[in-house]
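Chemist: I'd like to ask you about the structure that follows.
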Amino acid sequence: MRGDLSLRGSLRSRLLMLSVLVSLCSIVATAWLVVSVTAVAIGRERGQAIAEDARVYDTLVGFAATHPDWRGVEPTVRALSLQTGRRITLTDENRRLLADSDGAGRTPARSLPDTPSATVDALAVDTTLVARHGGRTSDRIDPRAVGPFRLTAQEKAFLQAAATRVERCFREGSVPSDVEIVQTPNGRPEIELDGRPLDLGDRCGVDVLLERTPTESRALAQLGKLVNSCLAARHAAPVQLADNLTWTPSTARGAPNSRAVTSCLSTASRDQLDPYVAPAALLFATAPERKIATFFDLSDANRLRIAGVTAAVLLITVTVTFVAGTRMVRPLRALTGAAQRMAEGDEDAHVEVSGGDEFGRLAAAFNLMSSRRRQLEQLRRALVSDVAHELRTPLSNVRGWLEAVEDGVVPADKSLISSLLEEALLLQHIIDDLRDLAAADAGALRVHPEDVDAAALVAQVARAHQGSAGAAGVELRVRSGEERPFLRADPVRLRQAIGNLVSNGIRHTPAGGSVTLSVRHGGGDVVFGVEDTGSGISEEDLAKVFDRFWRAEKSRSRQGGGSGLGLSIVRKLVEAHGGSVHASSVPGQGSVFSLRLPGPSAGQPESWNRPPPPPS
């Protein structure tokens, strides 16, 4: 019983440890998943906020680059607020309100953050927020700020018509490239081939589009004067500007320092554009607090929540596992106790089956094993008793006759010797039967197949048993048809099997009855039949007729039922040939035994291909 408690504690402890481990892993995995999902959500939230800030900033910089002041920006601010869900406020550098998406009645200095989101200045853009719109951005001047370079309506119409003609020329020609007209910030149309601007003339008249307009010439000349004035103040040589704002020395006395030219060009561009762009303004883009940002953190309160939830989950897990483990251990304890009783010799040990789960099926299997073990034990005892009984009778006869001869009571004549020889043959027959069954159980029962005439073999068996049938008053018949089945079998073993059936039929058929042998084809097989008109076998005993030492008569008289091994040997011999044996009976009318063996076209059983056993 101490072993039971140890097993019970061990199983329960393992279940508890396993459940705790699974719970901890689940909690850790859930926490990790929450943190990961939250981090991803926060990252997406921040990315979306940055994208929205960049869109707001870029739109307002574009407005500043194309307007000399901030008048009329209110609709743009409100549209951006509706698109982003943010409050957008624009003030000058002294925090005087310029535009507010929530209305102009609120005082910015009291309601806005201390630090602005960005400074909107078309002449000093934040290159991380503003998008590229063509032109240069190295000097932080927004490309949309063109100022005096903006073309007049007449110039735009002229160039647009020329661009349309060039586009039509390319599309009607043999050039397979994708042709498109794009507008530069100052209103000049450009021809793009496969996404690249066309900057060389050709037969379609692109040169017209590349020529500088009067407006551009005046603006470029103005910019050149500003640049050269700056260079003169630095005592540097003047330069000549090209359309793309590259430069070349304008005198032969030498080229100025490139760094000085770059600095003067940036300063001159800002001075030239300053009257055409809106002054710098402060941008405040505020939004309600996002719940996702505070969804999960490792604050003291959240740590306490995590610890409490973890403890509750573990407590529930341990409680449920303890109860479930107790219910699981209870049937195991019953099985263990039954197994120990069985080991101590209790043949009736069994457990109560409750439920149809795994433990119920295990209990049912244990009860079936116990019942089968009890049956096997009974068969073993019956085997020992039957073997002792079968051997004792002929041995007692031999011993009694030999003692009578020794005492001089009976002379040792020829009849006595014949009787002793008959008893010795009976002993030999029992021993041979036991040896055949042992060989069949060990898989060492060999057959030596050859071509066999089934009808001839049945006739041989009938002739061999004609004498015993006549002595018993039983008529032995052979039912033959026109067909002569052939098969591949061991003729000796096959005669032995059919002969055992014939002997069994003669023994259980009263005088005046008959035993009939037959053979026929049956679905590609060869079927041997032995039919008698004896006492028959009850339906309850029919399933036991091929068990060892089973006899229809419960008496152990040798005149009643023989050794009880014949039918067991028949089944083993037929199985060795790859066939089967079947019995049917009607009590009081007789029995029919059928041997079904593969025909000549069927495959050979595996036992035929085994090597012969080593000589003993």
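Chemist: What number do you get for the stretch 48-124 when its Cα radius of gyration is normalised by 2.2 N^0.38 Å, N = residues? Provide the component values of the computation, followed by the final result.
Modeler: Details: Rg = 11.8 Å, N = 77, 2.2 N^0.38 = 11.5 Å.
Cα Rg divided by the expected 2.2 N^0.38 Å: 1.03.
Chemist: With all protein chains present, calculate the accessible area of residue 92 using a 1.4 Å probe and round the result to the nearest 10 Å².
Modeler: Ignoring ligands and nucleic acids, residue 92 comes out at about 30 Å².
Chemist: Please list 322, 170, 359 from largest to smallest accessible area, probe radius 1.4 Å, with all protein chains kept in place. Present the calculation step by step, with values, prior to reporting the outcome.
Modeler: Working: 322 95, 170 10, 359 55 Å².
So, going from the largest accessible area down, we get 322, 359, 170.
Chemist: What's the whole-number percent of alpha carbon pairs in the stretch 459-513 lying beyond 16 angstrom?
Modeler: Details: 692 of 1485 pairs.
Every Cα pair in the stretch 459-513 considered, those over 16 Å come to 47 percent.
Chemist: Given R₀ = 35 Å, FRET efficiency for residue 375-residue 492 by Cβ-Cβ distance, to 0.05?
Modeler: Efficiency at R0 = 35 Å is approximately 0.55.
Chemist: Dipole magnitude of the stretch 310-358 about its Cα centre, charges +1 at Lys/Arg Cβ and -1 at Asp/Glu Cβ only, in debye to the nearest 20?
Modeler: Values: 4 positive and 7 negative charges, 80 e Å.
Here the stretch 310-358 has a charge dipole of around 380 debye.
Chemist: Let me ask another. What's the FRET efficiency of residue 263 with residue 22 using the Cβ-Cβ distance as r and R₀ = 56 Å, to the nearest 0.05? Please list the in-between numbers first.
Modeler: Values: r = 70 Å, r/R0 = 1.25.
With R0 = 56 Å, the Cβ-Cβ based efficiency is 0.20.
Chemist: Still on this model: Just to confirm, what accessible area per residue do you get for the stretch 424-533 at 1.4 Å probe, in whole Å²? Spell out each step's value before the answer.
Modeler: Numbers: 5200 Å² over 110 residues.
Value for the stretch 424-533: 47 Å² per residue.
Chemist: Quick one: with all protein chains in place, what share of the accessible area of the stretch 426-528 is carbon or sulfur, to the nearest percent (1.4 Å probe)?
Modeler: Details: 2460 of 4870 Å².
Percent of accessible area from carbon and sulfur atoms in the stretch 426-528: 51.
Chemist: Largest first, what is the accessible-area ranking of 264, 25 with a 1.4 Å probe? Please report the intermediate quantities before stating the final value.
Modeler: Details: 264 0, 25 75 Å².
In descending accessible area the options line up as 25, 264.
Chemist: Taking the Cα atoms of the stretch 330-380, what is the range of coordinates along each of the three principal axes, in descending order and whole Å?
Modeler: Result for the stretch 330-380: principal-axis Cα extents of 34, 18, 11 Å.
Chemist: Okay, next question. Rank these by accessible area, largest first, 1.4 Å probe: 88, 431.
Modeler: Working: 88 0, 431 90 Å².
Greatest to least solvent exposure: 431, 88.
Chemist: Here's a follow-up. Can you list the aspartates and glutamates whose alpha carbon is less than 15 Å from that of residue 572, not counting same-chain residues fewer than 8 positions off?
Modeler: Hits, sequence-local ones excluded: 432, 433, 436, 441, 490, 547, 606.
Chemist: Additional query: Across the stretch 497-506, in residue order, what do the Karplus-derived ³J(HN,Hα) couplings come to in whole Hz, using 6.51 cos²θ - 1.76 cosθ + 1.60 with θ = phi - 60° and x for Gly and Pro?
Modeler: Values per residue, Gly and Pro as x: 5, 5, x, 4, 5, 5, 4, 5, x, 4 Hz.
Chemist: Moving to a separate point now. Roll a 1.4 Å probe over the protein heavy atoms and report the accessible area of residue 178 in Å², nearest 10.
Modeler: Approximately 90 Å² of residue 178 is accessible to the 1.4 Å probe.
Chemist: If you don't mind, there's one more thing I want to ask. Work out how much length residue 466 to residue 251 would gain on full extension: take 0.36 nm times their residue separation and subtract the Cα-Cα distance, in nm to one decimal.
Modeler: On the way: separation 215, 0.36 × 215 = 77.40 nm, distance 14.59 nm.
Answer, rounded to one decimal: 62.8 nm.
Chemist: I'd like the accessible area for residue 425, computed on protein heavy atoms only with a 1.4 Å probe and all protein chains in place. Round to 10 Å², please.
Modeler: About 110 Å², rounded to the nearest 10.
Chemist: What distance in nm separates the two pseudo spin-label positions at residue 323 and residue 234, each 7 Å out from Cα along the beta-carbon direction?
Modeler: 8.7 nm
Chemist: Which order do peptides 461-469, 278-286 fall in by mean Cβ count within 10 Å, highest first? Each step should come with its number before you reach the end.
Modeler: On the way: 461-469: 15.9, 278-286: 19.2.
Going from most to least packed, we get 278-286, 461-469.
Chemist: Right, another one. What full-extension length gain, to one decimal in nm, is calculated for residue 435 and residue 314 as 0.36 nm per residue of separation minus the Cα-Cα distance?
Modeler: Details: separation 121, 0.36 × 121 = 43.56 nm, distance 6.53 nm.
My answer for the length gained is 37.0 nm.
Chemist: Given 25 °C and 0.890 mPa s, compute D for the stretch 305-344 with the Stokes-Einstein relation, Rh being the Kirkwood radius over Cα pairs; round to the nearest whole µm²/s. All intermediate terms of the calculation are to be shown ahead of the outcome.
Modeler: Working: Rh = 12.2 Å.
Value of D from the Cα-based Kirkwood radius: 201 µm²/s.
The values are calculated or read from the model by the stated rules, or taken from the named source; none is laboratory data. Predicted, not measured: the structure shown is a model, and the values here were computed from it. Cβ sites come from the backbone with ideal geometry, for glycine too, and all protein chains shown count toward neighbours. Accessible surface is based on the protein model in full, side chains and every heavy atom, while ligands, DNA and RNA are left aside. Shrake-Rupley method; radii C 1.70, N 1.55, O 1.52, S 1.80 Å.
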